[in-house]
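The values are calculated or read from the model by the stated rules, or taken from the named source; none is laboratory data. Please read all numbers here as calculations on a predicted model, not as lab measurements. We place every Cβ from the backbone using ideal geometry, glycine too, and count neighbours over all the protein chains shown. Ligands, DNA and RNA are excluded from the accessible area calculation, which covers all protein heavy atoms including side chains. Shrake-Rupley method; radii C 1.70, N 1.55, O 1.52, S 1.80 Å.
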Amino acid sequence: MPTVEGLQFSYALHALPPGRLPFRRWRWELWHGATLIAAGWRISRPQAARALRDHAADFAHKLFGLPTPARDPRAPAHDIRPGAAERLAIGPITCVLVSRALDSRPAVTTVW
């Protein structure tokens, strides 16, 4: 089976400020270059990390015209360590999730 490698997605994962809802929420964003692919919020950080992985897998398979493999609904949702990069291998697709904070390049400033 051929394997596709070299895909890199950026993600942002942070806690939302308290609002009308009486529970904590986590905002997640998935980026491919400068394009926002998916975004949303979840009640826990591990659930938000799982949503990132699921959407990255869906997008990567659709990008190459492949069907997305079935997911195991009983699979545990584990967290992404803050600022960490994570490699995903789902079916024939391999991709890397990199924190947007690590992927951003500093602005160039000129001092006169």
Short version: ³J(HN,Hα) in whole Hz for each residue of the stretch 15-31, in order, from phi by Karplus 6.51 cos²θ - 1.76 cosθ + 1.60 (θ = phi - 60°), x for Gly and Pro, what are they?
6, 7, x, x, x, 5, 7, x, 9, 7, 10, 10, 8, 10, 9, 10, 10
Around ALA57, what is the net charge, scoring Lys/Arg as +1 and Asp/Glu as -1 over all other residues with Cβ under 11 Å from its Cβ?
+2
Quick check: net charge around ASP72, other residues with Cβ under 13 Å of its Cβ, Lys/Arg +1 and Asp/Glu -1?
+3
Once neighbouring chains are kept in place and the probe is 1.4 Å, which whole percent of the accessible area of the stretch 1-76 is contributed by carbon and sulfur?
58 percent
Within the stretch 33-51: backbone nitrogen closer than 18 Å to the ALA77 label point (7 Å, Cα to C-beta):
38-51
In units of 2.2 N^0.38 Å, the Cα radius of gyration of the stretch 3-70 is 1.26
